[in-house]
Amino acid sequence: MSTIARTRPGHRLGIAATTRHCLTLAGRNLLHLKANPGEIIGFAVVQPLMVIALLVYVFGGAIAGDTETYLQYALPGLIVQSSVTSVLATGAGLHQDISNGVFDRLRSLPIARIAPLMGHLIGNMVRVAAGVLMLLAVGAAQGFDVHTGFWSTLAGLLLATLFGTSLAWASMLVGLAAKSATTVHMFSGVLLFPLTFCSNVFVQTDTMPGWLQSWADINPISYEATALRALMTGGPVGSSVWWTLGWTAVLTAVFAPLAMRAYRRRV
């Protein structure tokens, strides 16, 4: 916070100072993990192991005939699900900080007004990236084979993180607009299940009823999961990467301005 406190009151902030303030507050959000090692263990180790154990080793044999084959299909989709689940917690953390008066204290400092909001976004995306990497590492230890190169795999992980940013804006909008934490958590559940389960994350869409398959085929999560499978296992990329980037741009263009407006009204 010493970097922030040195900014002179009334001084018009430039891009460099604003960026520095945003990164400082992102670091402040990440420090919560250092103070709570149990959360780090649960988030980085236990959660990936449970996801793979429950979904691959319980359902893999029934869905694909054997767990090895299903792991190759499911892990890219599980990475997508993990990134979506993580970003939906952004709104809850934002709402908690506002309710606890943290933002009121930050407003008394001569910092960029947007810094607390962007600090939450950046800090959460670092956590998402770390969780995605850990899930890939655990999957590799369980037998997942990456058939493409390092750069292609890295592009897939960056694509998942980038798409998660667009959903984080929607989560922050709810966190800013909601009157209670319960509403934020309900929104996360309502949004999570149709997006992830009604997609090709867990099964091929051609096994679904026609009406559900129509939604699953245009679901942005399906495009993202297809793109990750292609970038990691060498399958056909097609237009899935471009569709994912297009959905990312659309969601950001819709929810980022709304979240910024709600933030200005709330704080």
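The values are calculated or read from the model by the stated rules, or taken from the named source; none is laboratory data. Computed from a predicted model, the values in this text were never measured in an experiment. Ideal geometry is used to build each Cβ from the backbone, glycine not excepted, and the neighbour counts take in all protein chains shown.
Yes/no per residue for (1) surrounded by fewer than 16 Cβ atoms within 10 Å (Cβ to Cβ); (2) β-branched (Val, Ile, Thr):
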| site | (1), (2) |
| --- | --- |
| Tyr57 | yes, no |
| Tyr70 | no, no |
| Gly91 | no, no |
| Pro116 | no, no |
| Asn124 | no, no |
| Val128 | no, yes |
| Met134 | no, no |
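Just a yes or no: is a residue in the range 109-129 at pLDDT 80 or above and farther than 23 Å from Arg28 by Cα? No, every residue in the range 109-129 fails to be at pLDDT 80 or above and farther than 23 Å from Arg28 by Cα.
The one condition from (1) more than 30 Å from Gly61 (Cβ to Cβ); (2) surrounded by fewer than 18 Cβ atoms within 10 Å (Cβ to Cβ) that His95 does not meet is (2).
So, of the residues in the range 207-242 that are in a helix (DSSP H, G or I) and β-branched (Val, Ile, Thr), which turns out to be farthest from Ile63 (Cα to Cα)? Before the answer, list the steps.
Restricting attention to the range 207-242, the residues satisfying the condition of being in a helix (DSSP H, G or I) are 207, 210-218, 220-233, 240-242.
Among the residues that remain, those that are also β-branched (Val, Ile, Thr) are: 207, 218, 221, 226, 233, 241.
On the way: Thr207: 11, Ile218: 23, Ile221: 20, Thr226: 18, Thr233: 19, Val241: 26 Å.
Top of the filtered list is Val241.
Taking first residues from the range 44-57 that are within 14 Å of Thr85 (Cβ to Cβ) and at pLDDT below 70 and partners that are part of a helix (DSSP H, G or I) and of a type in the set (D, E, K, R), no Cβ contact under 8 Å between residues at least 6 apart in sequence or on separate chains turns up.
For the range 152-169, the count of residues that are more than 28 Å from Gly246 (Cβ to Cβ) and in a helix (DSSP H, G or I) is zero.
Name the residue, out of Gly189, Gly210, that is surrounded by fewer than 17 Cβ atoms within 10 Å (Cβ to Cβ), within 20 Å of Val128 (Cβ to Cβ), among the small types (Gly, Ala, Ser) and free of Cβ contacts under 8 Å to residues at least 24 places away in the same chain. Even if it seems obvious, please write down each step before you answer.
Numbers: Gly210 fails: within 20 Å of Val128 (Cβ to Cβ).
Answer to the selection: Gly189.
For beta carbons closer than 8 Å, sequence separation of 6+ or different chains, a first residue in the range 125-142 that is within 17 Å of Thr233 (Cβ to Cβ) and a second that is small (Gly, Ala, Ser), the qualifying pairs are Val132/Ser82; Val132/Ser83; Val132/Ala160; Leu135/Ser82.
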